[in-house]
1. Here are some residues: Thr52, Thr13. Which one is touching a Gly at 6+ places or on another chain (Cβ under 7 Å) and closer than 21 Å to Lys111 by Cα?
2. Just need a number here: residues in region 104-123 that are in a loop (DSSP other than H, G, I, E, B) and either modelled with pLDDT under 75 or open to solvent by less than 60 Å² (accessible area, probe 1.4 Å) (or both).
3. Restricting to region 49-85, give me the number of residues that are part of a strand (DSSP E or B) and either open to solvent by less than 60 Å² (accessible area, probe 1.4 Å) or free of Cβ contacts under 8 Å to residues at least 24 places away in the same chain (or both).
4. Only one residue in Glu24, Glu32 is at pLDDT 95 or above, of a type in the set (Asp, Glu) and in contact with a helix residue (DSSP H, G or I) (Cβ under 8 Å, 6 or more places away or on another chain). Which one?
5. Which one of these does Ser50 not meet: (1) of a type in the set (Ser, Thr, Tyr); (2) in contact with a helix residue (DSSP H, G or I) (Cβ under 9 Å, 6 or more places away or on another chain); (3) at pLDDT below 95?
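The values are calculated or read from the model by the stated rules, or taken from the named source; none is laboratory data. All figures in this text were calculated on a predicted structure; none of them were measured in a lab. Positions of Cβ are backbone-derived with ideal geometry, glycine not excepted, and every protein chain shown enters the neighbour counts. To get the accessible areas, we keep the full protein, side chains included, count just its heavy atoms, and leave off ligands, DNA and RNA. Shrake-Rupley method; radii C 1.70, N 1.55, O 1.52, S 1.80 Å.
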Amino acid sequence: MEEMIYSIRGAVTADFDSPASIDEAVKLMMEELYKRNHITDSDISFILFSQTIDLKSRNAAAAFRATGRGAAVPLFCVQEAEIAGSLARVIRVLVQINHPKKSEPVMIYLKGAAALRPDLNIEEELDL
C-alpha cells in the first residue's frame, strides 16, 4: 500500500473552563479519533489544536500530552478568532495522517460541538 497524506478533523466542548474539564474533553475526542480511524502515534505527522478564548485554564495540546499519547508527535495549539455568536468552550483538532488509508476518515464532533457538524453526529453510538 502506498503512503497517503490526509487530515482528520474533530471538535468537542468542555463543560467548564477548568484543567480537569479540558483534560476530559480532549481525552474523549482523541480516544474516539484514534479508535474510529484505526491510527497510532506513528501514523501522525502533526496535530493542531485550537480552543475558544473562553478556555484559559489549560492548553489543549498539554491536555493531550497528559494522556500519554503523542510523545513524539509535534503538537501545536492556537486560540480561535473571537466571533460573536460562536459556540462556547470549543476545542478543535486537525490531525495530519501519513499512512495508507484503510477507510474513509471519520471526523469526530462530540458533546456540544456535534451542533457544528450534525451530518457527522456519532454521539448516539457513544451514549453521551
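1. After applying the criteria, what remains is Thr13.
2. 5
3. Qualifying residue count for the region: 6.
4. Glu32
5. For Ser50, the exception is condition (3).
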